[in-house]
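Contents: one structure, followed by commentary.
The values are calculated or read from the model by the stated rules, or taken from the named source; none is laboratory data. Keep in mind that what you see is a predicted model, and the values were worked out from it rather than measured. A quick note on method: Cβ atoms are made from the backbone with ideal geometry, for glycine too, and the neighbour counts reach across all protein chains shown.
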Amino acid sequence: MEQLWAQLADNAVFINSATLVVVAIFALSLWGLSRQEFFQEAWRRLRQNTTAMICLGVIGLYIFIGLAGSLVVPVQEGVATRNYSLIDLAFKNVPQEEGYSAPLATSTYKIRDAKPVKGFHLLGTNVLGQDVLKETLAASRTAIIVGGLTCLIAIPIGLVLGILAGFYGGWVDDAVQYTYSVIYSIPEILLFVAILLVLGQGLPQLCLALGAATWINLCRQVRAETIKHRDRDYVLAARALGVSSFQTIFRHILPNVLHIVVIMFTLRFSALILSESILSYIGIGVGPEVSSWGQMINGARSELAREPVVWWVLAAASMGLFGLVLAFNIFGDAVRDALDPKLRTR
């Protein structure tokens, strides 16, 4: 099992495929929701919010960058063929330096024996001489995978358990409540550390660890909404006419709780990205072979004590993280206002 996790964590094909699968599933989900009248009306109200549309464009830009880091193109180099992502191709002709170079610098960032840089680096280079802009863009793929793949794990669990607990009640409700109460009583950071210590360090393991705690809030919200709808006249009429429980849940309960799933997804996505950055910062997140804003910040913290200070690696990673999290937070609030009748502003 440990060898399997290690292969998944080190396998670039898995990471690239995960990005494409995440984007494809959410694109299909949005297409399916757009066919419902309720979500069409919510989209109409959402389009009237200029700030939300700008944030949606920013999110789309990050997703595009994440896809560019996952789409692989074979390139012939002599007698061998190597696979490059679109980001790698964009920086293929940018040479690696011997050490630090500041943004737009003409010499390497050394106290003594400064040497001219070999290429142009908009945001400078890190201790290994790697272009900081390239590393910052490559980390967008990790953020999209962590947020999206974790939601793909947590949403089905929270949705199914929440509906079952609210619809059937009794011992089913007691079992679900007991399960998430036990998990919720454990501090999240300790739960993440325990799971990662068992499964090992890597991107798939991190998504599973985050998904193990993320489904709880969704389950509680869906359970409460299901309890509210199970006693409505249309549900009681369907059950009186002999409609099966599965059909009643699928036709009457599920459509009335989907807006909660959308709201929770948009609001939790940014929290998942922050969680990955924090876990990578303390050294238990993704492995060193995966680009991550948290790892960039972790590696840059010791450079703040240098003289002169190496500040650009920390600044680049922080701004990349700040831009995506802020856009998701603002867009999530706008989606909540558009979907929740009690919070509609228009």
#### Entry: Exclusive hit being assigned by TED's automatic domain parsing to the domain that holds residue 297 and out of contact with any Phe, Trp or Tyr (no Cβ under 9 Å at 6 or more places or on another chain), set 157, 195
195
### Query
Of all residues in the stretch 194-212, which are among the hydrophobic types (A, V, I, L, M, F, W, C) and more than 24 Å from residue 140 (Cβ to Cβ)?
194, 195, 197, 198, 199, 212
### Query
Looking at residue 332, is it closer than 24 Å to residue 142 by Cα, in a loop (DSSP other than H, G, I, E, B) and either basic (Lys, Arg) or in the same structural domain as residue 154 (by TED's automatic domain parsing) (or both)?
no
### Query
Can you pull out the residues in the stretch 158-183 that are crowded, with 17+ Cβ neighbours inside 10 Å, closer than 12 Å to residue 219 by Cβ and hydrophobic (A, V, I, L, M, F, W, C)?
159, 161, 163, 164, 165, 176
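Okay, residues lined up against (1) of a type in the set (A, V, I, L, M); (2) in a helix (DSSP H, G or I); (3) in contact with a Gly (Cβ under 6 Å, 6 or more places away or on another chain):
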residue	(1), (2), (3)
152	yes, yes, no
192	no, yes, no
201	no, no, yes
208	yes, yes, no
216	yes, yes, no
220	no, yes, no
#### Entry: Tally, over the stretch 44-75, of residues that are closer than 20 Å to residue 325 by Cβ, surrounded by fewer than 16 Cβ atoms within 10 Å (Cβ to Cβ) and at pLDDT below 85
0
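Mind checking which residues of the stretch 222-232 are outside any helix (DSSP H, G or I) and among the basic types (Lys, Arg)?
Residues of the stretch 222-232 outside any helix (DSSP H, G or I): 231-232.
Of everything in the stretch 222-232, just one residue is outside any helix (DSSP H, G or I) and among the basic types (Lys, Arg), namely 232.
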### Query
residue 259 versus (1) over 29 Å from the mean Cα position of the chain (by Cα); (2) within 26 Å of residue 37 (Cα to Cα): which is the lone unmet condition?
(1)
### Query
Which of (1) in contact with an Asp or Glu (Cβ under 6 Å, 6 or more places away or on another chain); (2) part of a loop (DSSP other than H, G, I, E, B) is the odd one out, the single condition residue 288 does not satisfy?
(1)
